[in-house]
Amino acid sequence: MDLYMMNCELLATCSALGYLEGDTYHKEPDCLESVKDLIRYLRHEDETRDVRQQLGAAQILQSDLLPILTQHRQDKPLFDAVIRLMVNLTQPALLCFGSVPKEPSLGHHFLQVLTYLQAYKEAFASEKAFGVLSETLYELLQLGWEERQEEDNLLIERILLLVRNILHVPADLDQEKKIDDDASVHDQLLWAIHLSGLDDLLLFLASSPAEQQWSLHVLEIVSLMFRDQNPEQLAGAGQGRLAQERSTDVAELEVLRQREMAEKKTRALQRGNRHSRFGGSYIVQGLKSIGERDLVFHKGLHNLRNYSSDLGKQPRRVPKRRQAARELSTQRRSALNVRLFLRDFCSEFLENCYNRLMGSVKDHLLREKAQQHDETYYMWALAFFMAFNRAASFQPALVSETLSVRTFHFIEQNLTNYYEMMLTDRKEAASWARRMHLALKAYQELLATVNEMDMSPDEAVRESSRIIKNNIFYVMEYRELFLTLFRKFDERCQPRSFLRDLVETTHLFLKMLERFCRSRGNLMVQNKRKKRKKKKKVLDQAIASGNVPHSPGELEAVWPALAEQLQCCAQDPELSVDSMVPFDAASEVPVEEQRAEAMVRIQDCLLAGQAPQALTLLRSAREVWPEGDVFGSQDISPEEEIQLLKQILSAPLPRQEGQEEQGAEEEEEEDEEEEELQVVQVSEKEFNFLDYLKRFACSTVVRAYVGLLRSYQRNSAHTNHCVVKMLHRLAHDLKMEALLFQLSVFCIFNRLLSDPAAGAYKELVTFAKYILGKFFVLAAVNQKAFVELLFWKNTTVVREMTEGYGSLDGGSSSRRAPTWSPEEEAHLRELYLAHKDVEGQDVVDVILAHLNSASRTRKQIIHHLVRLGLADSVKDFQRKGTRIVLWTEDQELELQRLFEEFQDSDDVLSNIMKNITAKRSRARIVDKLLALGLVAERRELYKKRRKKLAPSSLSNGEESLKDVSQGNLEEEEHLPEEESDEDEEKGQGSEAEQVQGSSFLSTENLGQSLHQEGFSAPLLWLQNCLIRVANDREEDGCSQAVPLVPLTEENEEAMENKQFQQLLCKLGIRPPASEQETFWRIPAKLSPTQLRRVAASLSQAEEEKKLQPELEPKVPGEQGPNEEHCKEHRAQALKALLSARKKKAGLASSEEEETPGGNEQLKVAPKKRQLLDSDEEQEEDEGRNRAPGIQKKKRFQIEDEDEND
């Protein structure tokens, strides 16, 4: 972007900063305000980062900000503002854009911003700029904690962030084109840091206990300083070339010389004695062309050796998503003076800072005080500095903080986490693979350090190494880690360097493990096995075993022993009732309906001979369900309890055996899958190294090693040795040479043996000749070995190749399916033809029931039916209910229509399952309703239970009223269908009156008690809110849930009051549905008319209090004849209700309701009504005490008046 395209306001702001005259910068009076304006502009830039690009094109940082920083340091406000602006301008491009953009337009802007950052980095490569920063940082660090202000801490953090941003800028390799031992821009930056003394300040921050808050910043800066360095080369800087390095260089030069001489010899042989004007055409016998004729070769004979059928063909284009991952990290050798400075820095860092800093960073990571992925800097520092310590002068005390089993565990946890995230988060798989590579390098360095401790002359160091190895080799996760990484290696995400480090780490681990096993006679290790088992669906083990007597004679024989135990337990005063709970609180079945299950549990305890548990369970159930004296009365004697238990023992109680699983077989399978548990069994076993090595004998591991062997010319000698050592272990130690009998492996061997520099790869050549010799020996016996070259093989195929095909049948006959005799096949054919067309049954289950052999499985029968030609495919025998998986658009519309049709019914889900066309399981319908947003929670689909009032809640004086109520309910249930239908129609026709009556009756006592407690103002506020929402819904014509937001302290206290919340539930106001909601809400289903009548009922309660003071509830000690008169009056009202329904009488008119007499009639004689309770509130209302004499006969939902519109 050119300067003339710069925004005019931005250009004016930059011009107001000042100007540079020679080496002196003259700032303008509005310089500080201009810097703040630039910060403000950067805060509001667009997604293309236009402001950042314009400032970079104008070179504001080079021409204005850096001179201001170096020449006007005394102006503290201006200095702070310039540092803030620089931190913003130099932040990494990845932070600006979030990630590398995939769109070409944004990708261009990303590269442009990166170019400007590289220019900033080059401008900072001067001692003057870092000198100012180091002096300022030094002055701030001189202040004690009591003298340091918040602004000082902010400035320290910004200076560290600025240094971090400058070091983070990647090098432009195409622009610099620097070779080893030459000073790059990054080297110049490091040298400027060294000359300014900033490196000493970093060491002070890392070593000072008072500056631990900057530990992560310091660690990040240090990691960026050593980004391109190799710790082994850095440790040997300035010490002269070692003999090993010289021999390595000589070997590399010898390889290059041999290849050059071979190429010269080949070119000399290709030249003829005289030039031939006509090259000639030749027929190559034995090599067919496209047709049946021999190939015609039109070039000289000297080119025949290089002939390939692929000549002239276009190479196949590999899609981008399948291309191998590229190497992102590069290592280069810096200038000598920079390497010497970095070596001294590393030595001082290890001696004074490493243990303290790594401990502080680990504490930040464990306490989650760090930012996301900051553990990668910890793992890099661990790998780098432990490698430097091992290469320089090995001193375990310098790295003792990270040399422990806990560090192994931390690295293994992160490595496993990165591995799992790479498999799940496919979009960011490359990033997770890079983090996994860092963790693998740290793990490799930990193993290398422990291995180095084994060779220490100090006995204490060797003992520490032995303890660490004993812990590492004992735990199963550390041994299985490498197998997991090999099996899931993906070259699309993980580069070749990761595979190289994985192979070298595995080689080191196996070498240490083998040496450790040899030094000890036997090694015990931890073994974990995951065993799947199912929950038992019976209540007791004795019943599950089938040894329980069920005949009356056997029960009579068992009873005397139980009676003796029960008599002893009945007289025991220490028998606690609270020890056993007779119901399941987590069950979806209401507590009232779990009485039958409690009775079955008591019978099971008696059958199992557990008399104390049965008696305790009986007494607990009596307290939970006292109504009807089902479990005995409250004043029951011990003898009567024993007789009751005897009756329970001999009673034929109904047992529910999976009623929910009777709908569809698919649902039954889902329930079985949910009940299957994975139980991890931990045990110890003696470790066998060869058995562990056999785990690597699989095609995935071998293919990974062969992939690395393919680039043997670029590999180091150590890498090639690690590859050959593992393949030799598999081929020679395990006698599985056939694992390597593969065509791609033989192609590598052919290239290796024909390589002119093959003398430099003696180990590889020897191994290749060994494998080829074994193959030709096998091929002389097994002619099919040539065909087997086309496939990768497992251990089973390897044994069949070497021992003969079919040789494993006798050894594993117990695992193979038994053969079918002709009689069994005829019987199978007869059963299939007889039952294949019968509807309503599974033909395979019928065959299993009629087959004589009990060892056959369903899978074996299905496969044999297909083999006999009686069925086309295995899919023909899938269980019903498993085929329909996806929902079509028509099926979704049908489900939505059925939900809207039955959403007000008592059992929405059952009605939908009965009427839906495509039969599906209950679980799939619930999931689809949740996915479509028709319901918010699963409990909205629960079957609505009708509640009954417990007799214990009534006093003795109200028994007559209870009898009248029960009689009315029984008579109401026996009404003719026509009358009940008409009654429902009338109830629907007068919905407004019902709502008013129900609201008035349900809020009568609550409103009065709330007025007495001083909640008159919140009630008035609630009434106003209801009226206001009703007016808004009339004006807008649409409705949605409106939250009730209390703005005063009095209203907030009322909303927290349980009695006030109960009143809200009665009015139909919905409580917060989930954790994301805070306020109660007025539902959208209430119409304006209903809202107004509910609001009117709030004031009617107060009016009733004034008009009828004699009906107020009294204190129990002050009960008199007035209360008895009220009870009689209520009983008469209930009788009047029954007679009115028999005469098909409708509800009272709205005019009668407005009169005091009408109010009284509604109060004492409740009609059939609809309660304003939602499904969620039904469970909350179960335990609430109701006003005496007012019972809820039935519970319904309010029907939306706008539903049929």
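Yes or no, residue by residue, for (1) touching an Asp or Glu at 6+ places or on another chain (Cβ under 6 Å); (2) free of Cβ contacts under 8 Å to residues at least 12 places away in the same chain; (3) assigned to a loop (DSSP other than H, G, I, E, B); (4) open to solvent by less than 90 Å² (accessible area, probe 1.4 Å):
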site: Ser308; (1), (2), (3), (4): no, yes, yes, yes
site: Gly312; (1), (2), (3), (4): no, yes, yes, yes
site: Arg316; (1), (2), (3), (4): no, yes, yes, no
site: Arg321; (1), (2), (3), (4): no, no, no, no
site: Arg326; (1), (2), (3), (4): no, no, yes, no
site: Thr330; (1), (2), (3), (4): no, no, yes, yes
site: Arg333; (1), (2), (3), (4): yes, no, yes, yes
site: Asn337; (1), (2), (3), (4): no, no, no, yes
site: Phe341; (1), (2), (3), (4): no, no, no, yes
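Taking segment 1-112 as the region of interest, the helices (runs of 4 or more DSSP H) fully inside it that hold 3 or more residues being within 30 Å of Ala429 (Cα to Cα) and either open to solvent by 50 Å² or more (accessible area, probe 1.4 Å) or of a type in the set (A, V, I, L, M, F, W, C) (or both) are 93-97. Pairs are defined by a Cβ separation below 7 Å, a sequence spacing of at least 6 or placement on different chains, a first member in segment 1007-1028 that is free of Cβ contacts under 8 Å to residues at least 40 places away in the same chain and within 14 Å of Glu1053 (Cα to Cα), and a second member that is open to solvent by less than 60 Å² (accessible area, probe 1.4 Å) and part of a helix (DSSP H, G or I); the pairs so defined are Trp1021/Asn1051. For segment 128-160, a residue qualifies if it is within 15 Å of Arg73 (Cβ to Cβ), among the aromatic types (Phe, Trp, Tyr) and open to solvent by 10 Å² or more (accessible area, probe 1.4 Å), and exactly one does: Tyr138.
Considering every residue within segment 649-657, establish whether at least one is open to solvent by 40 Å² or more (accessible area, probe 1.4 Å), at pLDDT below 75 and farther than 22 Å from Leu617 by Cα. No, segment 649-657 contains no residue that is open to solvent by 40 Å² or more (accessible area, probe 1.4 Å), at pLDDT below 75 and farther than 22 Å from Leu617 by Cα. Residue count for segment 343-365, restricted to those that are part of a helix (DSSP H, G or I) and closer than 14 Å to Thr402 by Cβ: 13. Screening Arg518 with (1) in a helix (DSSP H, G or I); (2) buried (at least 16 other Cβ atoms within 10 Å of the Cβ) gives one miss only, at (2). Sub-9 Å Cβ pairs linking a first residue in segment 707-729 that is on the phi > 0 side of the Ramachandran plot and part of a helix (DSSP H, G or I) to a second residue that is surrounded by fewer than 19 Cβ atoms within 10 Å (Cβ to Cβ) and among the small types (Gly, Ala, Ser), at least 6 apart or interchain, number zero. Can you tell me which residue in segment 920-943 is farthest from the chain's Cα centre (by Cα), limited to those that are open to solvent by 70 Å² or more (accessible area, probe 1.4 Å) and closer than 16 Å to Ala1073 by Cβ? So the residue we want is Tyr942. Confirm whether Glu47 is modelled with pLDDT under 90 and within 47 Å of the chain's Cα centre (by Cα). Taking the combined requirement at face value, the residue satisfies it. Just one residue in the set Gln1059, Gln1090, Gln1023 is open to solvent by 30 Å² or more (accessible area, probe 1.4 Å), modelled with pLDDT of 80 or more, touching a helix residue (DSSP H, G or I) at 6+ places or on another chain (Cβ under 7 Å) and within 26 Å of Glu940 (Cα to Cα); that residue is Gln1059.
Each row is one residue, and each column tells you yes or no for (1) touching a residue at least 24 places away in the same chain (Cβ under 8 Å); (2) open to solvent by 30 Å² or more (accessible area, probe 1.4 Å); (3) assigned to a loop (DSSP other than H, G, I, E, B).
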{"position": "His373", "(1), (2), (3)": "yes, yes, yes"}
{"position": "Thr376", "(1), (2), (3)": "yes, no, no"}
{"position": "Phe384", "(1), (2), (3)": "yes, no, no"}
{"position": "Phe388", "(1), (2), (3)": "yes, no, no"}
{"position": "Glu401", "(1), (2), (3)": "yes, yes, no"}
{"position": "His409", "(1), (2), (3)": "no, yes, no"}
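Contact map, segment 205-229: residues that are farther than 20 Å from Leu167 by Cβ paired with residues that are open to solvent by less than 30 Å² (accessible area, probe 1.4 Å), Cβ distance under 6 Å, separation 6+ or inter-chain. Pairs shown: Ser207/Cys353; Gln212/Ser360.
State whether one or more residues within segment 173-188 are open to solvent by 30 Å² or more (accessible area, probe 1.4 Å), modelled with pLDDT of 85 or more and over 19 Å from Glu139 (Cα atoms). For segment 173-188, residues open to solvent by 30 Å² or more (accessible area, probe 1.4 Å), modelled with pLDDT of 85 or more and over 19 Å from Glu139 (Cα atoms): present.
Residues checked against (1) modelled with pLDDT under 80; (2) among the hydrophobic types (A, V, I, L, M, F, W, C):
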| position | (1), (2) |
| --- | --- |
| Lys299 | yes, no |
| Asp310 | yes, no |
| Arg316 | no, no |
| Ala324 | no, yes |
| Leu328 | yes, yes |
| Arg332 | yes, no |
| Ala335 | no, yes |
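Out of the residues in segment 737-769 that are out of contact with any Asp or Glu (no Cβ under 9 Å at 6 or more places or on another chain) and not in a helix (DSSP H, G or I), which is least open to solvent (accessible area, probe 1.4 Å)? Within segment 737-769, the match that is least open to solvent (accessible area, probe 1.4 Å) is Asp755.
Matching residues to (1) of a type in the set (Phe, Trp, Tyr); (2) under 16 Å from Gln494 (Cβ atoms):
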site: Leu350; (1), (2): no, no
site: Lys362; (1), (2): no, no
site: Gln371; (1), (2): no, no
site: Leu382; (1), (2): no, no
site: Phe394; (1), (2): yes, no
site: Leu398; (1), (2): no, no
site: Ala433; (1), (2): no, yes
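Among residues of segment 820-843 that are under 15 Å from Ala871 (Cβ atoms) and outside any loop (DSSP other than H, G, I, E, B), none has a beta-carbon under 8 Å from a residue that is open to solvent by 90 Å² or more (accessible area, probe 1.4 Å) and of a type in the set (Asp, Glu) at least six positions away or on a different chain. The residue pairs whose first member lies in segment 34-55 and is within 19 Å of Leu17 (Cβ to Cβ), whose second member is surrounded by fewer than 21 Cβ atoms within 10 Å (Cβ to Cβ) and among the acidic types (Asp, Glu), and whose beta carbons are closer than 7 Å, counting only pairs six or more residues apart or on different chains, are Val51/Glu45; Arg52/Glu45. Checking segment 457-468 against the condition returns no match, with no residue being under 20 Å from His721 (Cβ atoms) and either within 29 Å of the chain's Cα centre (by Cα) or loosely packed, with under 15 Cβ neighbours inside 10 Å (or both). Whenever a residue of segment 925-936 is touching a residue at least 12 places away in the same chain (Cβ under 8 Å), it has no partner that is outside any helix (DSSP H, G or I) and exposed (fewer than 13 other Cβ atoms within 10 Å of the Cβ) lying with C-beta atoms less than 6 angstrom away and at least six residues away or across chains.
Based on what the data block shows, is Gln1040 surrounded by fewer than 13 Cβ atoms within 10 Å (Cβ to Cβ), of a type outside the set (D, E, K, R), modelled with pLDDT under 85 and closer than 22 Å to Arg1092 by Cβ? Considered against the rule, which asks whether it is surrounded by fewer than 13 Cβ atoms within 10 Å (Cβ to Cβ), of a type outside the set (D, E, K, R), modelled with pLDDT under 85 and closer than 22 Å to Arg1092 by Cβ, Gln1040 comes out as yes.
The values are calculated or read from the model by the stated rules, or taken from the named source; none is laboratory data. Everything numeric in this text was worked out from a predicted model, so none of it was measured. For neighbour counting, all protein chains shown are included, and Cβ atoms are generated from backbone atoms with ideal geometry for every residue, glycine included. Remember, those area values only see protein heavy atoms, side chains included, never the ligands or the DNA or RNA. Shrake-Rupley method; radii C 1.70, N 1.55, O 1.52, S 1.80 Å.
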